[in-house]
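*Asks:* If you scroll down you'll find the structure; I have some questions about it.
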Amino acid sequence: MSGNDKTNGHGVALRVHACAKTFADGTRALEPVTLDVARGETVVLLGPSGCGKTTLLRIIAGLETPDAGGRILFNEADVTRVPIERRNVGMVFQSYALFPNMNVSDNIGYGLKIRGVSEAERKARIAELVALTGIAGLEHRRVDQLSGGQRQRVALARAVAARPSVLLLDEPLTALDAALRERLRGELNRLLRTLGITAIYVTHDQAEAMALGDRIVVMRRGAIAQVGTPRDIYFAPANRFVAEFVGAANILEAECNAGVLLLPGGRLALANDAAAAALNGHANGRIFAMIRPESIRIIAPDGAALTGEVDSVSFVGDRQRAAIGGVAGKPIMVDVPNSTPIKAGDRVGLSVDPGDIRVLAGDTA
Amino acid sequence: MKTTRDCLIFLGQLAFTLLVAAFLIVPAVLSMLAGITSNYFLGVKSGLTLQWVLQVWELYHDTIFRSFLIAFSTLAVTLAVGIPAAYALHLRNDRVSRAVEEIITLPLAIPGLAIALALLLTYGGFSDFRRSWLFILVGHAIFTLPFMVRSVMAVFAAIDVKTLDEGAASLGASPWRRFCDVIVPNARPGILAGSLMVVTLSLGEFNLTWMLHTPLTKTLPVGLADSYASMRLEVASAYTLVFFIMIIPLLTAMQVFAGYRGAASGPKR
Ligand SMILES: Nc1ncnc2c1ncn2[C@@H]1O[C@H](COP(=O)(O)OP(=O)(O)OP(=O)(O)O)[C@@H](O)[C@H]1O
Ligand SMILES: [Mg+2]
């Protein structure tokens, strides 16, 4: 595997410093964003449509220039004014942007050809990538004779062929159907680890973000809402937006009294430190608490601290999800194992570990 | 019953098609026939001859060469100017570029005579330029440029050329390499269609050329008009014949070439 040690560690450390973007028509697509990406790390930009993910990616690529004051550094070298063709980036576009006038191997080898790599070396590298991405046998196909999944692989092989400093991917799986998307997500993950390349991956699919990211950057309205590992983001969301965007979440707004939440359906004990932190040392006040549907258990209603009535139950395949009314201001979602019989109208008790309740900072939305 | 009706419809359509074809073709055939008839007023029975064709060749062969020279020079100019212009207009795609596009298209709406007059007013004073075939070339380039730009831009719009360009840039290609390796090859169908139009239009252009020409810079259509006005009918007809013989193989060759290259670059989407 002599090819591999050349392939490995070809990333740079990347730094985005105070990059904002205002388009010519006055659209403020990005507030000043600062972000550090370590060498070899995969960072996922996650957020709803229009939040500025693509804009940030294009600024890193060199396809857009940040507003004055913004800087992009590759390994401490300022590349803000360097055009994309001299930044040595690899890019995978949502539409793939394969060249219809070239066959598969010419597409993959184009970056090498531009760099003046000899034909023999080019051939060897193309063969290596074709094997790595699992498209052997398609080398001489025209790109419009490929399936969506095959195109995606060619686009990826082409982007990494010249061993770029950073690999940038803008929703590379969005154009594919669900099953294929899941399979390619796995392959992509393996490939990114094999290559050990610094990668920025844009998506609005939180499952994709969880599966691929070493860290996730959740974005909202052109700004960063939270940066953290997938576990951080999921279990310790910084605010209500992140909690609701990543995974399913029940957000309860309620009065807190001496470490206990007072709800219409009863009382819910918080972990001591959580309540104290949220209330800045005060004993009482209104707070937001987040509970994931899977951390709530259904118990017998008699003697339960918190009770409610089942509004509806929907079967989701590996489990069922119940909406329980009368507990808080709005129905709360609870994941129930398929083995537990439950139907609309049942009175139920609920139990939650204090450690599974996350008290959120008072949030704007 | 149904088959009888289908049959009747088919025969009707066939008859109509033949009629239309005859309406167009018969005059052309008669005209060409006149060019090889000894005496048109006596009819074909007076005998067939090549003397008129030879006479045309002697009198007007320079106009034929000049027409081809101008047509291919026009093609070269419109390729060199039109493709980069279409590329730039497509990439910018803002108010300025749309205004420029309209201005480029304007010569289509203005009568050739008016363009010619404007050129004469502006450049008529540069007598060497005025007297050379280059003066006509300028007129033809202005007149045919919109056809090239439009057909290339149509392809650009169809293939998302901006993303292809960005893709090539991300792989390290300079703007010039991108243009040569990715933009032009993928715009080829539009370039070929545009070229065909430019050559055809330039070869047949009369209005503008008639205003711009001098006795020493006549083109084929101008020569034709000249012979119709001042020569025997047989000579004029022989000239038409020569025109056909020149242009039909050329157009066929270009069509075949375009079809062949089009097929080589794959199925149309
Ligand atoms: N060239 C442009 N000119 C003006 N506004 C733009 C331009 N490109 C993007 N925008 C705007 O900037 C904002 C951010 O766009 P961006 O494409 O970065 O969003 P995104 O997060 O990638 O969304 P999506 O998930 O839909 O791709 C949007 O409001 C968009 O309309
Ligand atoms: Mg986007």
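*Asks:* If you go through the range B:148-164 one residue at a time, do you hit one that is outside any helix (DSSP H, G or I), within 30 Å of B:Trp57 (Cβ to Cβ) and modelled with pLDDT under 90?
*Replies:* Filtering the range B:148-164 down to residues outside any helix (DSSP H, G or I) leaves B:160.
Subset that is within 30 Å of B:Trp57 (Cβ to Cβ): none.
No.
*Asks:* Taking the condition of being open to solvent by 20 Å² or more (accessible area, probe 1.4 Å), of a type in the set (D, E, K, R) and either within 16 Å of ligand 1 (Cβ to nearest atom) or not in a loop (DSSP other than H, G, I, E, B) (or both), how many residues in the range A:130-170 meet it?
*Replies:* Qualifying residue count, the range A:130-170: 5.
*Asks:* Of the residues A:Ser95, A:Ser105, which is of a type in the set (Ser, Thr, Tyr), within 13 Å of chain B (Cβ to nearest Cβ) and open to solvent by 10 Å² or more (accessible area, probe 1.4 Å)?
*Replies:* Working: A:Ser105 fails: within 13 Å of chain B (Cβ to nearest Cβ).
A:Ser95 is the lone residue from the list that is of a type in the set (Ser, Thr, Tyr), within 13 Å of chain B (Cβ to nearest Cβ) and open to solvent by 10 Å² or more (accessible area, probe 1.4 Å).
*Asks:* Scan the range B:154-167 residue by residue and report those that are more than 7 Å from chain A (Cβ to nearest Cβ) and open to solvent by less than 30 Å² (accessible area, probe 1.4 Å).
*Replies:* Hits for the range B:154-167 are B:Val155, B:Phe156, B:Val161, B:Asp165.
*Asks:* Further question: Would you pick out the residues in the range B:51-86 that are open to solvent by less than 20 Å² (accessible area, probe 1.4 Å) and polar (S, T, N, Q)?
*Replies:* Passing the criteria: B:Thr63, B:Ser67, B:Thr74, B:Thr78.
*Asks:* Something else now. Can you work out which of the residues in the range B:10-41 that are part of a helix (DSSP H, G or I) and of a type in the set (Phe, Trp, Tyr) is farthest from B:Met231 (Cα to Cα)? Steps first, answer last, please.
*Replies:* First, the residues of the range B:10-41 that are part of a helix (DSSP H, G or I): B:10-35.
Filter again for of a type in the set (Phe, Trp, Tyr), leaving B:10, B:16, B:23.
Working: B:Phe10: 45, B:Phe16: 37, B:Phe23: 26 Å.
Among residues in the range B:10-41 that are part of a helix (DSSP H, G or I) and of a type in the set (Phe, Trp, Tyr), the one farthest from B:Met231 (Cα to Cα) is B:Phe10.
*Asks:* Just one of A:Ala276, A:Ala254, A:Ala211 is modelled with pLDDT under 90 and in a helix (DSSP H, G or I); which is it? Lay out the reasoning, then the answer.
*Replies:* Details: A:Ala254 fails: in a helix (DSSP H, G or I); A:Ala211 fails: modelled with pLDDT under 90.
So the residue among A:Ala276, A:Ala254, A:Ala211 that is modelled with pLDDT under 90 and in a helix (DSSP H, G or I) is A:Ala276.
*Asks:* Right, here's the next one. Considering only the range A:65-84, how many residues are open to solvent by 40 Å² or more (accessible area, probe 1.4 Å) and either within 26 Å of A:Thr174 (Cβ to Cβ) or within 25 Å of the chain's Cα centre (by Cα) (or both)?
*Replies:* 3
*Asks:* Now for a different question. Do the conditions hold for A:Val37, that is, is it under 16 Å from the mean Cα position of the chain (by Cα) and away from ligand 2 (no atom under 13 Å from the Cβ)? Reasoning before the result, please.
*Replies:* Details: under 16 Å from the mean Cα position of the chain (by Cα): yes; away from ligand 2 (no atom under 13 Å from the Cβ): yes.
Yes: the conditions hold for A:Val37.
*Asks:* Still on this structure: Only residues that are of a type in the set (A, V, I, L, M, F, W, C) and either within 25 Å of A:Ile114 (Cβ to Cβ) or open to solvent by 40 Å² or more (accessible area, probe 1.4 Å) (or both): list them for the range B:193-213, please. Steps first, please.
*Replies:* Here is the first cut: in the range B:193-213, the residues of a type in the set (A, V, I, L, M, F, W, C) are B:193, B:196-199, B:201, B:203, B:206, B:208, B:210-212.
If the condition is that a residue be of a type in the set (A, V, I, L, M, F, W, C) and either within 25 Å of A:Ile114 (Cβ to Cβ) or open to solvent by 40 Å² or more (accessible area, probe 1.4 Å) (or both), then B:Ala193, B:Met197, B:Leu201, B:Phe206, B:Trp210, B:Met211 are the ones that fit.
*Asks:* Looking only at the range A:311-365, which residues are among the β-branched types (Val, Ile, Thr) and open to solvent by 30 Å² or more (accessible area, probe 1.4 Å)?
*Replies:* Taking the range A:311-365 and keeping what is among the β-branched types (Val, Ile, Thr), we get A:313, A:316, A:324, A:327, A:332, A:334, A:336, A:340, A:342, A:348, A:352, A:357, A:359, A:364.
Once the filter is applied, which keeps residues that are among the β-branched types (Val, Ile, Thr) and open to solvent by 30 Å² or more (accessible area, probe 1.4 Å), the range A:311-365 yields A:Val313, A:Val316, A:Thr340, A:Thr364.
*Asks:* Please go through the range A:9-48 and pick out each residue that is touching a His at 6+ places or on another chain (Cβ under 8 Å) and either buried (at least 23 other Cβ atoms within 10 Å of the Cβ) or assigned to a loop (DSSP other than H, G, I, E, B) (or both). Spell out how you get there, then give the answer.
*Replies:* The initial filter retains those residues of the range A:9-48 that are touching a His at 6+ places or on another chain (Cβ under 8 Å), namely A:34, A:46-48.
A:Leu46, A:Gly47, A:Pro48, listed by residue number.
*Asks:* I would also like to ask the following. Which one is nearest to the other protein chains (Cβ to nearest Cβ) among residues in the range A:49-70 that are more than 10 Å from ligand 2 (Cβ to nearest atom) and not in a loop (DSSP other than H, G, I, E, B)?
*Replies:* Of the range A:49-70, the ones more than 10 Å from ligand 2 (Cβ to nearest atom) are A:59-70.
Subset that is not in a loop (DSSP other than H, G, I, E, B): A:59-61.
Details: A:Ile59: 13, A:Ile60: 11, A:Ala61: 7 Å.
The qualifying residue nearest to the other protein chains (Cβ to nearest Cβ) is A:Ala61.
*Asks:* Show the residue pairs meeting these rules: Cβ distance below 6 Å; 6+ apart or different chains; first residue within the range A:169-185 and farther than 16 Å from A:Ser95 by Cα; second residue open to solvent by 20 Å² or more (accessible area, probe 1.4 Å) and part of a helix (DSSP H, G or I).
*Replies:* Pairs found: A:Arg185/A:Ala211.
*Asks:* Another question, then. Please tell me if A:Arg122 is within 14 Å of another protein chain (Cβ to nearest Cβ), in a helix (DSSP H, G or I), open to solvent by 10 Å² or more (accessible area, probe 1.4 Å) and of a type outside the set (Val, Ile, Thr). Let's see the steps before the verdict.
*Replies:* Values: within 14 Å of another protein chain (Cβ to nearest Cβ): yes; in a helix (DSSP H, G or I): yes; open to solvent by 10 Å² or more (accessible area, probe 1.4 Å): yes; of a type outside the set (Val, Ile, Thr): yes.
Considered against the rule, which asks whether it is within 14 Å of another protein chain (Cβ to nearest Cβ), in a helix (DSSP H, G or I), open to solvent by 10 Å² or more (accessible area, probe 1.4 Å) and of a type outside the set (Val, Ile, Thr), A:Arg122 comes out as yes.
*Asks:* For the range B:107-125, which positions are open to solvent by 50 Å² or more (accessible area, probe 1.4 Å) and touching a Pro at 6+ places or on another chain (Cβ under 8 Å)?
*Replies:* Within the range B:107-125, B:Leu108 is the sole residue that qualifies.
The values are calculated or read from the model by the stated rules, or taken from the named source; none is laboratory data. Not measured: the values here are computed from a predicted model. Every residue, glycine among them, receives a Cβ derived from its backbone with ideal geometry; neighbour counts consider all protein chains shown. What goes into the accessible areas is simple: the full protein's heavy atoms, side chains included, and nothing from ligands, DNA or RNA. Shrake-Rupley method; radii C 1.70, N 1.55, O 1.52, S 1.80 Å.
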